[in-house]
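Each reported figure results from applying straightforward, stated rules to the coordinates on display, with no laboratory input. Here the structure is a predicted model, which is why all the values come from computation and not from measurement. No Cβ is skipped: glycine too gets one built from the backbone with ideal geometry, and neighbour counts run over all protein chains shown.
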Amino acid sequence: MIIDSHVHFWKFDAIRDAWITKDMMVIRKDFLPNDYSLAIGENSIDGCIAIQADQSDEETVFLLNIAKENTFIRGVVGWIDLTSKNIERSLQNYHSEKLIKGFRHIAEGEKNGFLLQKNVLNGIAALRQYDYTFDILLRQDQLSDAVKLSVKLPDQPFILDHCGKPDLNTNELKDWRFNITELAQNPNVYCKVSGLLTQGNWNIINEKSIFEVLDLIFSQFGIRRVVFGSDWPVMLLGGNYITWIELISKYLRQFTKSEQQLFFCGNAVEFYNL
């Protein structure tokens, strides 16, 4: 049984989705639930988590609506204005929607220190009161912010997206290794093993580099705080679903069947309360 903890859906809009540049033609189009069903093919995917890709309330509503129409979407990680003075009211409004499991802000697009601003910290702290998770999306050079965030809000359930986006182009990972090790000390921080196909050369899958990243992630977070994700359809820039499943399955041969099941399903179920 596999739960994919990181899937995006969108109706492509060239203005709204300006981050999808012309060198990303393979993903400059609509990606909807039917497309995902075709992509996973015979990979025995039992469900997925839909993750926000746009910073708007409309995005959360869009994901919630398609989740209600497609039962394999087990949960939604939406967007909410963390700086809003009315965040409590918004969270109360969402609380009846059981498919919403948490929220994310695309902090990799913000200046360093964004997540540590007082109003943002207050917003994230409010999530805990409603049992919502928070996905941390940061670049490698911003990871110290994640460490500080977890110290300031130690009881908040966090999950680090894409292993903290290690730079597999340069493989200069000294700071990444240090910050990952520090972040993993908090037992309420999980790590999402996703997005690695696009962290290096999109035309070459460097198995050795990816496995070295996974060695640190698994050694620091342990088998009970690592979660499988694909980052579909962004992953198509550097590979495809079958390639990613086969690569991860090869790495996991060193673990028992029950440990593999935790990674592919059990940990996601626990973290996102599926």
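Side notes on the structure shown:
- Hits among aspartates and glutamates - C-alpha to C-alpha of residue 85 under 16 Å, sequence gap 8 or more where chains match: 57
- Order of 232, 19, 79 under a 10 Å beta carbon neighbour criterion, fewest first: 19, 79, 232
- Extension gain from residue 89 to residue 188, taking 0.36 nm per residue of separation minus the Cα-Cα distance: 33.1 nm
- Residues 103, 31, sorted so that the one with the fewest Cβ neighbours within 10 Å comes first: 31, 103
- The ranking of 61, 269, 7, 213 by Cβ neighbour count inside 10 Å, starting from the fewest, reads 61, 269, 213, 7.
- Computed helical MRE - 222 nm, the chain, DSSP H runs ≥ 4 contributing -39500 (n - 2.57), nearest 500: -10500 deg cm²/dmol
- Span-like helix ranges in the chain, DSSP H, alpha carbon extent 20 angstrom or more, Kyte mean at least 0.0: 207-221
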